[in-house]
Amino acid sequence: MPRPHIKILVIGKTKHSYLQEGIQDYLRRLKHYAQVEMVEIRAKRASSKLSDEEITRQEARLFAGHINPSDYVIALDRQGQMCDSIEMARALQKQGEQNPNPVAFLIGGELGLSPRLVDRANEVWSFSKLTFSHDMVRLILVEQLYRGFTIMAGEKYHK
């Protein structure tokens, strides 16, 4: 099986250095298993002139510039399907076996993702019923991706 290609598309930069360090640590670890890139898309600033819906629509257009028609898109949204780490690893493995195209994970900004992006997604995942900051979701995602690859490889990190 070829090395998977994973794109993590996010709105804005990670604000806190402790989260940046954790994200970079897991991105380094993931290089052993997959080609992973995190693309930070410039955030639209909240403005009294723009509604939240207009901001998320504009962000959706920016996301679209980084999503290829052949990408398998997984949106992270609080309304998504929850799974455990083993189920996530199995889903990634199945996706990799069935489709050699990149997997693109979408993480919205403070306002979440536009319904247009959620509709475009092949799958919609949620990590918890709890609400996390969009910066924390980035760290959770890269850690869970790393955990998933170690599960697929039969390595002991998972335990």
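The values are calculated or read from the model by the stated rules, or taken from the named source; none is laboratory data. This is a predicted model, so every value here is computed, not measured. Using ideal geometry, Cβ is built from the backbone for each residue, glycine included, and neighbour counts are taken over all protein chains shown.
Below are the figures for this structure:
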| quantity | calculated |
| --- | --- |
| Residues located in the stretch 11-27, provided they are surrounded by fewer than 11 Cβ atoms within 10 Å (Cβ to Cβ), modelled with pLDDT of 95 or more and of a type outside the set (S, T, N, Q) | TYR18 |
| Neighbours by Cβ (under 6 Å, 6+ apart or cross-chain): first from the stretch 70-82, within 16 Å of PHE132 (Cβ to Cβ); second hydroxyl-bearing (Ser, Thr, Tyr) and outside any strand (DSSP E or B) | ARG78/SER126; GLY80/SER126; MET82/SER126 |
| Leading residue by the ranking (surrounded by the most Cβ atoms within 10 Å (Cβ to Cβ)) among those in the stretch 94-122 that are within 18 Å of HIS66 (Cβ to Cβ) and charged (D, E, K, R) | ARG120 |
| For CYS83: the one exception among (1) outside any helix (DSSP H, G or I); (2) under 18 Å from PRO4 (Cα atoms) | (2) |
| In the stretch 1-29, the residues that are more than 14 Å from the chain's Cα centre (by Cα) and either among the small types (Gly, Ala, Ser) or outside any loop (DSSP other than H, G, I, E, B) (or both) | SER17, TYR18, LEU19, GLN20, GLU21, GLY22, GLN24, ASP25, ARG28, ARG29 |
| Residues that are of a type outside the set (S, T, N, Q) and either outside any loop (DSSP other than H, G, I, E, B) or at pLDDT 95 or above (or both), drawn from the stretch 35-55 | VAL36, GLU37, MET38, VAL39, GLU40, ILE41, ASP52, GLU53, GLU54, ILE55 |
